[in-house]
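What follows is a short report on a single structure.
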Amino acid sequence: MIKAVIFDLGSTLIAFQGDWNATLDESAWALTDSLLSSGISLDREGFAAAFRQETERFQRQRQIDHQERTTAFILRQVLHAQGVGEPSVDVLRRALRQMYAVSEARWQRVPEAQRVLERLRRQGLRLGLLSNAGDAENVDRLIDQAELRSYFELIVVSAAVGFRKPDQRAFAPILQAWRLHPSEIVMVGDTLGEDILGAQGCGLRQIWVRAFADPEAAAAFSGLVRPEVTTDHLVEVPDAIGRMNGVLR
């Protein structure tokens with residue numbers, strides 16, 4: 001019997017509205033402008049371009065080794081390469097917050113998310129959240145913006161543990177805390193190569209929610225990763241778990 005559910009956040013419980021590449025460009029400008037306003041001498045165009053380039057390089061790398069390089073780490077790398085001394089922690093945090101504010105404004109809670117989480121909680125299921133992200137504070141703000149925090153017993157972000165899904169070490173904090181058999185836990189997420197593959201590696205049950213899944217990313221793992229259950233929408237998850245438990249047909 002399934003006793004607990006681990007949810008992904010982005011494109012599972014919250015959905016992005018807008019052009020992602022344009023948002024990344026705007027975010028890099030916001031970051032650069034924040035640093036400039038703090039008195040740091042930078043070439044505006046050159047720094048923003050260097051930050052985007054370095055971010056993309058590390059994103060490619062973490063798809064291979066599943067190690068999380070935080071956005072703060074990447075920012076320090078770019079500043080060092082530009083010959084800039086490391087700013088204070090407050091300056092870095094303010095710059096990152098202004099950078100993430102651009103994308104945070106474009107994430108919206110999936111309409112049925114609270115209803116689904118409340119239904120599962122009423123059924124006595126333990127709920128956790130596991131998110132791949134380069135900044136834990138960004139995830140905290142998104143969770144609170146979507147008013148989802150109260151539903152989760154545990155929240156784990158890759159930026160805090162150093163490893164990303166599908167690496168089993170990303171799942172470890174939740175699995176160790178719950179002390180349940182892997183077959184008693186189901187992972188719910190939108191990515192085949194992270195959520196579903198990671199769950200399979202840990203022996204967890206899996207539900208792939210396709211509503212906001214990236215078609216290109218899904219196609220890359222099509223035929224290679226076969227989820228136990230596939231649903232088109234988040235609202236179908238409680239009934240899917242009921243069928244997995246033999247309660248519904």
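Does Val237 meet the test of being open to solvent by less than 10 Å² (accessible area, probe 1.4 Å), under 15 Å from the mean Cα position of the chain (by Cα), more than 24 Å from Ser27 (Cβ to Cβ) and touching a residue at least 12 places away in the same chain (Cβ under 8 Å)? In short, no. The conditions of being closer than 17 Å to Val186 by Cα and in a helix (DSSP H, G or I) are not met by Glu137.
Scanning the range 200-225 for residues that are without any contact (Cβ under 8 Å) to a residue 40 or more places away in the chain and either under 21 Å from Glu184 (Cβ atoms) or open to solvent by less than 30 Å² (accessible area, probe 1.4 Å) (or both) turns up Gln200, Gly201, Cys202, Gly203, Gln206, Ile207, Trp208, Ala218, Val225.
Step by step: first the residues of the range 11-45, then only those that are among the β-branched types (Val, Ile, Thr) and without any contact (Cβ under 8 Å) to a residue 60 or more places away in the chain, then the one that is surrounded by the fewest Cβ atoms within 10 Å (Cβ to Cβ). Which residue is that?
Only one residue tops the list, namely Ile40.
What's the number of the only condition in (1) within 19 Å of the chain's Cα centre (by Cα); (2) touching a residue at least 40 places away in the same chain (Cβ under 8 Å); (3) not in a helix (DSSP H, G or I) that Arg97 fails to meet? Looking at each condition in turn, Arg97 falls short on (3).
Is it true that some residue in the range 77-87 is touching a helix residue (DSSP H, G or I) at 6+ places or on another chain (Cβ under 6 Å), closer than 24 Å to Asp190 by Cα and modelled with pLDDT of 95 or more? Taking every residue of the range 77-87 in turn, none turns out to be touching a helix residue (DSSP H, G or I) at 6+ places or on another chain (Cβ under 6 Å), closer than 24 Å to Asp190 by Cα and modelled with pLDDT of 95 or more.
Apart from one condition, Val188 fits all of (1) open to solvent by 40 Å² or more (accessible area, probe 1.4 Å); (2) under 14 Å from Asp8 (Cα atoms); the exception is (1). Screening Ala48 on (1) in contact (Cβ under 8 Å) with a residue 12 or more places away in the chain; (2) surrounded by fewer than 18 Cβ atoms within 10 Å (Cβ to Cβ); (3) not in a loop (DSSP other than H, G, I, E, B) shows it passes everything except condition (2).
Residues in the range 117-138 that are open to solvent by 60 Å² or more (accessible area, probe 1.4 Å) and either more than 19 Å from Asn245 (Cα to Cα) or within 21 Å of the chain's Cα centre (by Cα) (or both): Arg126, Glu137.
The values are calculated or read from the model by the stated rules, or taken from the named source; none is laboratory data. The model shown is predicted, which means the values in this text are computed figures rather than measured ones. Quick reminder, even Gly has a Cβ in these numbers, built from the backbone with ideal geometry, and neighbours come from all protein chains shown. Keep in mind that these areas ignore ligands, DNA and RNA; they rest on the heavy atoms of the full protein, side chains included. Shrake-Rupley method; radii C 1.70, N 1.55, O 1.52, S 1.80 Å.
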